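The values are calculated or read from the model by the stated rules, or taken from the named source; none is laboratory data. Computed from a prediction, not measured in an experiment: that's the story for all the values here. We place every Cβ from the backbone using ideal geometry, glycine too, and count neighbours over all the protein chains shown.
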Amino acid sequence: MATAPRPDPTADDPASADAIAPGSAQRLLDLDPITRRQVRRTMRWAVVEGSLAQAFLNATTGGVLVGFMLHLGATPTELALVASVPHLSQLASPLAAFLAAALGRRKWLTLAMGLGSRLTWLAAAAVPLVPMPDAARPWAIVAIALVASLFLAAQNTLWTAWMGDVVPERERGRTFGVRSGVMGVVGTAANLAVGAFLDAVAAPVSFQVALVVAVAIGLLGVAVYALQVDPPTPVERVRWRELWTVPWRDLVFRRYLRFTFYWNFVVMLSGPFVTPFFLDELGMTFTQVAFASSLTALTALVTTPLWGRVADRVGHKPVLALGTILVGLLLPTGWILAGLTGQLGWIWASAVADAIAWGPVRLAAFNLALASAPRSNRVVFVAMYALGTGIAGFLGGASSGPLLLALTRLEGTVLLAPWSGYTALFVIAAVLRLQAWWFLRPLGWPRRRPRSIRVRRRAALRG
C-alpha cells in the first residue's frame with residue numbers, strides 16, 4: 001500500500017516537489033522551477049562537501065598515514081595491508097545498497113556512514129598513548145583504517161547513487177568536473193600545509209594533531225549532507241541473493257568487471273610502496289612528497305578537461321585503453337630512473353605524468369561503469385562494481401608486501417646501477433599494467449538487460 005509523501009526539509013516548497021528523480025531529466029531547464037532551485041543548491045553544496053572531504057582524506061591517507069606507520073615501526077607487510085584495507089572495505093558496498101533499497105533514506109544513511117568514517121580516526125590519534133606492545137601499534141592502525149574504510153565505502157556507494165538521482169544527465173560532466181577541479185585545488189593546499197607541519201613538528205604529536213584536525217574538517221563536510229536535497233525514491237524490498245547475482249547476469253557488466261578486477265590487482269601490486277619508496281629509498285621529506293602530489297593535482301586541472309573532450313569525440317573505451325598504457329609506461333619508468341640515479345627530477349616528471357596518465361583512466365572508467373549499469377537498480381550495480389574492484393585491489397596490495405620482501409633478497413647491481421627490491425617491483429608492475437588493455441577488447445554494449453531485481457515499490461519522498 002502506498003505511503004503518503006513525506007516533506008523534504010531542504011525544499012523551499014515541499015508540496016511541489018517532483019515525484020520523479022531530477023537525475024532522470026536531461027538538463028536543469030527540463031525541471032520545474034522549485035525542483036531546479038533545489039538541485040542547483042545541492043550541486044553547489046556538493047562542491048563544498050567534496051572540498052572538505054578531500055582535505056580530510058589527504059590527512060588520513062597517503063604520505064601522512066605511511067609516515068605515521070613508519071614512525072610506529074611498521075614492516076613492509078603492515079604497510080601493504082594498511083594501503084590495501086580500503087579496497088577490502090568495499091565488502092560494505094552491497095550492504096549499503098541493500099539498506100538504501102530497503103529504507104529509501106540515502107541522505108541520512110550517507111550522513112551516518114560519513115560520521116563513522118570520520119570519528120573512527122580519533123582512535124588512530126590515540127594509538128601512541130594507549131599502553132600496548134610496540135609491535136601491536138601498526139596492527140592497531142591497520143584495524144582502525146579497515147573500520148573507517150568500511151564506513152567510507154558504504155558512504156561512497158550511497159552518495160554515488162544519490163547524486164545520480166539528483167543531477168540531470170547532461171549536467172553531470174560539468175558539475176562533477178567543477179567539483180573535481182575545486183577538490184584538486186583544496187587537496188593541493190592541504191597536502192602542502194600538512195607536509196610542512198609534519199616536517200616542522202616532532203612525531204608522534206605531529207601525526208596526532210593532523211588526524212584530529214582532519215576529523216574536525218571531515219565532520220564539517222558530513223554536515224553539508226543535511227543541506228542537500230534527496231529526491232523521491234521508491235522503497236524496495238529486495239532479495240539478498242539477487243542483490244549479488246543480478247549484476248553478474250549482465251554480459252557487459254561482467255566483462256567490464258573482468259577488466260577492473262585485473263586492473264586494480266596489478267595497480268595495487270606496487271601501489272602501496274610508492275610513498276614508502278619516496279620516504280625510505282629516496283629520503284624525501286613530507287614537504288617534498290606533498291609537492292609531488294600538488295604537481296599532480298595542478299596538472300590534472302588542465303589535462304582532465306582535455307581528456308573529457310577527447311572521450312566525447314572518440315569514446316571512453318579507447319581513451320581508457322590508452323590511459324592504462326600510459327599508466328604502465330610513464331609512472332614506473334619515472335620511479336625506476338629516480339631510484340637508479342637518485343635524482344628527484346624524475347619524481348617531479350612522474351608527478352606530472354601521473355595526472356596525464358591517470359586522468360583518462362579515472363574519467364573513462366567511471367563513465368563506462370555508469371554506462372554498463374541500467375537505470376533501474378543502479379545502486380546495486382554500483383555496489384557490485386565497487387566490491388569487485390575492492391577485492392581485487394586488496395588481493396593485489398596484500399600480495400605486494402611478501403613480493404617486495406622476496407625481491408629485496410635479489411638486490412644487487414645491474415648494468416653498474418644499484419638494483420633494489422623497489423626497482424624490481426616497479427618493473428613487474430609496468431609489465432603487468434601494460435597488458436590491461438587486452439581485457440577491454442571484447443567490451444561491447446548489448447541491448448538487452450537481465451531481469452531486474454523483483455521489488456515491491458512504495459513511493460516515498462525522503463528528506
Among (1) free of Cβ contacts under 8 Å to residues at least 12 places away in the same chain; (2) touching a helix residue (DSSP H, G or I) at 6+ places or on another chain (Cβ under 9 Å); (3) of a type outside the set (Phe, Trp, Tyr), ARG313 falls short only on (2)
May I ask you to list pairs of residues, at least six apart or on different chains, whose Cβ atoms are under 8 Å apart, with the first in the stretch 54-74 being in contact (Cβ under 8 Å) with a residue 24 or more places away in the chain and assigned to a helix (DSSP H, G or I) and the second being of a type in the set (Asp, Glu) and surrounded by fewer than 22 Cβ atoms within 10 Å (Cβ to Cβ)? MET69/GLU78; LEU70/ASP280
Among what's in the stretch 103-139 and is in a helix (DSSP H, G or I) and among the hydroxyl-bearing types (Ser, Thr, Tyr), pick the residue that is modelled with the lowest pLDDT. THR110
Of the conditions (1) touching a Leu at 6+ places or on another chain (Cβ under 9 Å); (2) in a helix (DSSP H, G or I); (3) surrounded by fewer than 21 Cβ atoms within 10 Å (Cβ to Cβ), the single one that LEU337 does not satisfy is (1)
List, please: which pairs have Cβ atoms under 6 Å, are six or more places apart or on different chains, and start with a residue in the stretch 406-427 that is at pLDDT 70 or above and end with one that is loosely packed, with under 11 Cβ neighbours inside 10 Å? TRP419/GLY412
Test ALA349 against the criterion of being of a type in the set (Gly, Ala, Ser), over 24 Å from LEU443 (Cα atoms) and without any contact (Cβ under 8 Å) to a residue 24 or more places away in the chain, and give yes or no. yes
Is it fair to say SER89 is of a type in the set (Ser, Thr, Tyr), under 14 Å from ILE144 (Cβ atoms) and in a helix (DSSP H, G or I)? yes
Criterion: more than 23 Å from MET284 (Cα to Cα), in contact with a helix residue (DSSP H, G or I) (Cβ under 6 Å, 6 or more places away or on another chain), β-branched (Val, Ile, Thr) and modelled with pLDDT under 85 - qualifying residue of ILE34, ILE20: ILE34
Considering only the stretch 56-82, how many residues are under 14 Å from the mean Cα position of the chain (by Cα) and not aromatic (Phe, Trp, Tyr)? 5
Checked against (1) over 24 Å from THR60 (Cβ atoms); (2) surrounded by 19 or more Cβ atoms within 10 Å (Cβ to Cβ), GLU169 satisfies every condition except (2)
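For GLY388, indicate whether it is modelled with pLDDT under 90, surrounded by 17 or more Cβ atoms within 10 Å (Cβ to Cβ) and not polar (S, T, N, Q).
It is true that GLY388 is modelled with pLDDT under 90, surrounded by 17 or more Cβ atoms within 10 Å (Cβ to Cβ) and not polar (S, T, N, Q).
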ALA203: of a type outside the set (Ser, Thr, Tyr) and in contact with a His (Cβ under 6 Å, 6 or more places away or on another chain), yes or no? yes
Scanning the stretch 108-137 for residues that are surrounded by fewer than 23 Cβ atoms within 10 Å (Cβ to Cβ) and either touching a Gly at 6+ places or on another chain (Cβ under 7 Å) or of a type in the set (D, E, K, R) (or both) gives ASP134, ARG137
What number of residues within the stretch 199-234 are part of a helix (DSSP H, G or I) and either closer than 20 Å to PHE291 by Cα or of a type outside the set (Phe, Trp, Tyr) (or both)? 24
